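Here the structure is laid out as structure tokens; the discussion comes afterwards.
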Amino acid sequence: MRYSLSKTLYRSPIGAVYFFAVPIAVFHLVDSLMSYIFPIIVEESVFSNFTLGLIMGFSSLVGLFCDISFPQLIRNLTWKSKLIFGILISFLFPLLTALGRYYSLGESSILPVLLFLAASASWGVYFELVSFSKREFIVKEDKVHQYSKDWGIMYMVSEFAIIFGPIIGGLLIKLSIFQSALITVLIQIIGLSLAVAVIATLDKNEGLKIKSREKYYFNLSSELKYWLHFLRKLNTLIVASITLVFVESAFWTIGGLLGLELFGENSYIDWIVILVYSVPIILGGIIVSKLGIKTGKKRLYLTSMLLGGIFLASLLFTKDKYSVLLVVFLSSLSLSFAWPLSEAVFSDLLERLNGSKQHLIGLNLSTGSLAYILGPIIVGFLSDKVGYLSTLGIVGIIVCTVAFILMFVTPNKLQLPQKNIELLENNSSK
């Protein structure tokens, strides 16, 4: 009975997305929990927002290397293998963070930084593995190409889990570092178990097998050639994606610290800024999934960014803590349409490609990695100089400017360099 129900659910495109989103939701719950805890622990251990930015940016530097190398090194792995390996590697993040905090209480000043860098590196690797898995799943398993609905659902379910991360993190931060690490690992075990169960249920004689026995090796020059061909046609979309993720990186870098500043270290609602930022993304996901937008996605995407940037820029003139929360909510609500629509645009492009899907996924994910490399460093530097609120206001001005320019220069129809990509594919297979 259970197997029959699962197969019926799988055959429905939207049902399959919900099914896949269950372990993904747990994954994002833990990731958001650690995203909240990690900068607070690091800042308390190294006493510098700039050093904090460098350590957090390192995860994205590692992530960028993964974006460049994974399309060649792990192209034979299925989305199922990437999901499992990503979750397994994620266990290192809370464990290394706990060790870093423990040794920071002693006399050593180098060892804690090295452990935090190792934790940050594991963050970059596991997040990219799961991100590759999600994008491959959407394009491969949705046979009717309802990508706006798919990503609307994915963001709705994931963000619903993400909003509980800062709440749980705010409670765990009050415990000892090893107690909080143990609870985090237990949640991760639940997520891993759910992922295995979903894979076993959706298995269509594929499982964790590799796609082929052909061996692939990493060639930086070859991968950059793919990216350059894509960039010539998709440069405006890439700039928009980097800018959008830059906003997210700003909130996840200093949002928890801003909550502490607004409501005090003894408050149990210091996670409120992250919560208010995350909740509207659920609403945007619901609306996009219901509308099933098929045309005009890029224009709506950029309009959403422009409005969100305007609201965010107004934080330069907002001082009352409750007014700050309202502005953050309105900004995130405006931006909430951009997230699923951005992914839907990339999924449309992926559907038009053949063997080069992995390379475009890597380029897509590299926008997030670049934003998380530059974002924490820029935000950490600015917050040391002008404070957390003014920093978010400056981020808003940047978003407004970029979105406004892109609205005039982005083409209505994005063309792919199909012939050049096919030539590269043929050369690489020789």
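Quick look at the numbers
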quantity	calculated
Rounded, prolate or oblate (a/c below 1.5 giving rounded, otherwise prolate when a/b exceeds b/c) for region 292-381 by Cα gyration tensor	oblate
Charge tally in the Cβ shell below 11 Å around Pro340, where Lys, Arg are +1 and Asp, Glu are -1, Pro340 excluded	-1
Directionally averaged projected area (convex hull, Cα atoms, region 23-80), nm²	5.0
Protection proxy ranking, peptides 282-289, 80-87, average beta carbon neighbours within 10 Å, highest first	80-87, 282-289
Nonlocal amide H pairs with Leu77, under 5 Å, H built at 1.01 Å	Lys211
Radius 15 Å from Cβ of Phe116, net charge of other residues (Lys, Arg +1; Asp, Glu -1)	-1
Separation in nanometres of the label points that stand 7 Å from Cα toward Cβ, at Val409 and Leu220	2.8
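The numbers here are math on the coordinates, done by the rules we state, and not lab data. Computed from a predicted structure; not experimentally measured. So basically every Cβ, Gly included, is an ideal-geometry build from the backbone, and we count neighbours across all protein chains shown.
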